[in-house]
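The structure appears right after this line, and notes come after that.
The values are calculated or read from the model by the stated rules, or taken from the named source; none is laboratory data. Because the structure is a prediction, the values reported are computed rather than measured. No Cβ is skipped: glycine too gets one built from the backbone with ideal geometry, and neighbour counts run over all protein chains shown.
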């Protein structure tokens, strides 16, 4: 009987799930959570669950059962999950997340077959979903409008100054007066009177 308990203890402690402490969703509400696992012995069917932990309860967000084919599976309504398993980890691609979904998420692994049934949970991962992208879009919109207004105004002023300078340079010979021995000359306009 002691040998059976030692074998059972070895089997139970042989399963392990590890996951990162914190991940941040992108501005589109998408996050990728990779849960590494190790299992003692040959496994034919594993069930993975991604669970959200709140103060009052734990709810399953995604539940996947995999055999040794390791084919991806998608589930979900508002929050969509794509589970991509490998022999040593499962990747949860989560989309449709909103700021209210920020919280602790737990990877749970159950070895369904062969017996004995084994269950292991990882430490929680804090998934942060920011609503900053929404806030930034509203805050930056007037800044962009002002930037374009200033750009257009600057271009207008530069063109105005350029045209004034060119006009003055072209008309300057008509306006310049030369005084030579008390006589007044207008350049390019010798037929006009020169009066002061």
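General observations
- Filter pass, residue 166 being surrounded by 10 or more Cβ atoms within 10 Å (Cβ to Cβ), within 41 Å of the chain's Cα centre (by Cα) and at pLDDT 85 or above: no
- Of the residues making up region 30-50, those that are part of a strand (DSSP E or B) and either at positive phi or crowded, with 18+ Cβ neighbours inside 10 Å (or both) are 31, 33, 35, 37, 46, 48, 49, 50.
- Residue match in region 136-151 (condition: at pLDDT below 85, under 30 Å from residue 50 (Cβ atoms), surrounded by 10 or more Cβ atoms within 10 Å (Cβ to Cβ) and within 39 Å of the chain's Cα centre (by Cα)): yes
- Each residue in region 101-123 was checked for being in a loop (DSSP other than H, G, I, E, B) and either within 13 Å of residue 52 (Cβ to Cβ) or not assigned by TED's automatic domain parsing to the domain that holds residue 46 (or both), and 1 of them qualify.
- As a summary of the residue check, residue 74 satisfies the conditions (1) within 24 Å of residue 28 (Cβ to Cβ); (2) at pLDDT 85 or above except for the one numbered (2).
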